[in-house]
Amino acid sequence: MVYGVHAVTESLMANTGNKLYIQEDLRGKNVQKIKDLAAEKKVAISWTPKKTLQEMTDGATHQGFVLRVSAFAYAELSDILQKAETEENPLILILDGLTDPHNLGSILRTADATNVTGVIIPKHRAVGVTPVVAKTSTGAVEHVPIARVTNLSQTLTQLKEKDFWIFGTDMNGTPSNKWNTAGKLALIIGNEGKGISVSIKKQVDEMISIPMNGHVQSLNASVAAAILMYEVFRNRL
């Protein structure tokens, strides 16, 4: 299931929707717009009580729209690497054990805004693309290639063979404003609590830190990722 105006619209446009549920007493321009889009994409519509929609989404904020979709189509790592070959200054994001779907959704939203080449996540002990991720990303899941890999360490080796520089995040790294972002970049964002795993750290070429001057010395994973994605984006411009 995906839900919410933006996520439902993007999924319909990407032709992944199977059946659309609209709150039966809902009115407004969004209703007509999404209804027309569903008709164009030949997706059946069911006018549904609000209570049923709340049950379908486990009480999440659905804005009156719920769409049943086919299983999320993850990209292959080879697809992302092939895409990187066509870009001048590609940035691949590697998420090492992120578990919060809101963080993943927010990261995907920023990744879409900053033209990130692709996102790589591990298959095990990490969050995948869920309805919450799709909603938080406001539909960015349909535009950013996401690959799931069994072994992050082997993936980093493959990236190095393709001339990528591997960067991690650390409190004692090179300040982000002095980061040389030229060339092929792979940026690792660690787990919300533990950071980057010890085995993965050994493969990092350089650690990057975000200058902070307050009492708290760490940032939320999605905020840290956003700052660094925008640093690369700014330098490209």
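For a straight C-alpha distance cut-off of 16 angstrom, the lysines reachable from Lys162 (same-chain residues fewer than eight places away being disregarded) are Lys83, Lys184.
Spin-label model, Glu24 to Gln54: label points 7 Å out along the Cα-to-beta-carbon direction sit 1.5 nm apart. Could you state, as a whole-number percent, how many of the C-alpha pairs of the chain are farther apart than 24 Å? The share of Cα pairs beyond 24 Å in the chain comes to 48 percent.
Rounded to the nearest 5, what % of DSSP beta bridges with both residues in the chain are antiparallel? Intermediate results must be reported in sequence, preceding the final value.
Values: 8 of 35 bridges.
So the antiparallel bridges in the chain amount to around 25 percent.
Helix 152-161 and the longest principal axis of the C-alpha atoms of the chain enclose an angle of approximately 60°. For helix 101-113, what angle does its Cα long axis make with the longest principal axis of the chain, in degrees from 0 to 90 and rounded to 10? In the chain, helix 101-113 runs at an angle near 80 degrees to the longest axis. Straight-line reach from Lys50: taking Cα to Cα under 13 Å and skipping same-chain neighbours fewer than 8 places apart, the aspartates and glutamates in range are Glu24, Asp25, Asp58.
Could you tell me what percent of the accessible area of region 128-215 is made up of carbon and sulfur, with a 1.4 Å probe and every protein chain present? Present the calculation step by step, with values, prior to reporting the outcome.
On the way: 2140 of 4440 Å².
Accessible surface attributable to carbon and sulfur in region 128-215 totals 48 percent.
What does the highest-first list of 81-89, 125-133 look like by mean Cβ count within 10 Å? Don't skip to the end; give the middle numbers.
On the way: 81-89: 13.7, 125-133: 18.2.
Ranked by mean Cβ neighbours within 10 Å, highest first: 125-133, 81-89.
The trypsin sites (Lys or Arg not before Pro) of region 144-237 meeting both criteria, a DSSP state outside H, G, I, E and B (loop) and at most 11 other C-beta atoms within 10 angstrom of the site's C-beta, are Lys194, Lys202. Rounded to whole Å, the principal axis extents of the Cα atoms in region 184-229 read 30, 24, 16, largest first.
Here's the list of lysines a cross-link from Lys42 could span, going by alpha-carbon distance under 19 Å and ignoring same-chain residues fewer than 8 apart: Lys19, Lys33. When only alpha carbons are used to place a centre, region 84-134 and region 1-78 end up 23 Å from one another. The charge dipole of the chain, taken about its Cα centre with unit charges on the Cβ of Lys, Arg, Asp and Glu (plus for the first two, minus for the last two), comes to roughly 480 debye.
Per the helix-only calculation at 222 nm, which mean residue ellipticity applies to the chain, given -39500 (n - 2.57) for every DSSP H run of n ≥ 4 and division by its residues, nearest 500 deg cm²/dmol?
Numbers: 9 runs with 86 residues, N = 237.
It lands at -10500 deg cm²/dmol.
Only one residue of Pro211, Ser70, Val31 has its Cα farthest out toward the positive end of the dipole of the chain, where Lys and Arg carry +1 and Asp and Glu -1 on Cβ, and that residue is Val31. Helix 221-236 and the longest principal axis of the C-alpha atoms of the chain enclose an angle of approximately 70°.
The values are calculated or read from the model by the stated rules, or taken from the named source; none is laboratory data. Everything numeric here is computed off the predicted structure, so don't read it as measured data. Quick reminder, even Gly has a Cβ in these numbers, built from the backbone with ideal geometry, and neighbours come from all protein chains shown. Heavy atoms of the whole protein, side chains included, go into the accessibility calculation; ligands, DNA and RNA do not. Shrake-Rupley method; radii C 1.70, N 1.55, O 1.52, S 1.80 Å.
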